[in-house]
Amino acid sequence: MVSLIFLFVSLFTVQTFVSSLTECPKCGNMDVPYPLSTNENCGNPIYRIICNNGSLQFSSAADQKFLYKILSINPNEQKLVISPPHIEKNTCQSSDLSLGGFKIDENSPFNISSHNTVMLFNCSENILLSPLNCSSKSQCRQYEERVIEGNGCRNTLCCTFLKDSSMTSHKIRLRIGGCSAYTSVINLKPGDIDVDAWSYGIQLQWLPPPADA
């Protein structure tokens with residue numbers, strides 16, 4: 001009996017020790033579940049995110065100093081949501097325009113999920129050759145008309161599309177001469193025009209680490 005108790009205590013101690021090495025401490029009020037890593041001493045380093053003054057953030061592959069705030073993490077579904085960049089009111093340009101939009105390193109375990117509906121603003125007419133929804137009934141028109149941040153993009157050409165597997169899952173492209181601003185809504189349903197109820201964000205998903213990691 002004593003041996004069984006000793007074995008149980010030993011296993012509990014080992015599990016607690018391993019957990020303390022692999023799971024990172026909270027950042028502000030947010031948990032950092034494994035394999036996400038905020039420093040070299042915890043998590044898996046290829047799943048690197050940033051804890052900056054109590055705020056979890058995700059860095060751009062184009063510029064490690066450009067950070068997107070992490071709004072939520074769902075470890076069971078291996079997904080996290082980051083905040084879309086700010087759209088400058090007077091120019092209808094996203095704050096990451098100079099970086100070419102949102103980018104993830106293609107060797108990263110992270111990618112953009114297929115649950116994101118992306119809205120592009122201030123686009124050139126060349127985009128009309130694409131299969132995107134650029135009609136007057138596109139949901140991006142609702143955003144321009146009813147969201148303060150989108151008001152500065154009114155009367156520009158805007159288009160909406162679902163980020164699916166046929167498109168690159170590692171970037172949302174912006175450029176001068178193309179489209180200069182964007183936002184993203186998660187799990188947006190066709191015909192849903194209640195912009196106040198939309199779930200704004202860019203949902204990312206990550207691949208599980210190797211079994212021996």
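A few notes on this one:
- Check on Leu97, aliphatic (A, V, I, L, M) and open to solvent by 60 Å² or more (accessible area, probe 1.4 Å): no
- Residue in region 87-106 that is closer than 20 Å to Leu71 by Cα, of a type in the set (Gly, Ala, Ser), free of Cβ contacts under 8 Å to residues at least 12 places away in the same chain and part of a helix (DSSP H, G or I) present: no
- Subset of region 183-209 (residues that are of a type in the set (Val, Ile, Thr) and closer than 28 Å to Asn44 by Cβ): Ile186, Ile202
- Subset of region 107-152 that is assigned to a loop (DSSP other than H, G, I, E, B) and within 19 Å of the chain's Cα centre (by Cα) - its residue that is farthest from Ile193 (Cα to Cα): Asn107
- Applying the condition of being modelled with pLDDT under 95 and not polar (S, T, N, Q) to region 47-65 and asking which residue is surrounded by the fewest Cβ atoms within 10 Å (Cβ to Cβ) yields Lys65.
- Among the residues of region 191-213, the ones that are more than 18 Å from Arg146 (Cα to Cα), surrounded by 11 or more Cβ atoms within 10 Å (Cβ to Cβ) and among the charged types (D, E, K, R) come to 0 in all.
- Extreme residue, surrounded by the fewest Cβ atoms within 10 Å (Cβ to Cβ), among residues of region 163-190 that are outside any loop (DSSP other than H, G, I, E, B), out of contact with any Leu (no Cβ under 8 Å at 6 or more places or on another chain) and not hydroxyl-bearing (Ser, Thr, Tyr): Arg173
The values are calculated or read from the model by the stated rules, or taken from the named source; none is laboratory data. The model shown is predicted, which means the values in this text are computed figures rather than measured ones. Cβ sites come from the backbone with ideal geometry, for glycine too, and all protein chains shown count toward neighbours. Ligands, DNA and RNA are excluded from the accessible area calculation, which covers all protein heavy atoms including side chains. Shrake-Rupley method; radii C 1.70, N 1.55, O 1.52, S 1.80 Å.
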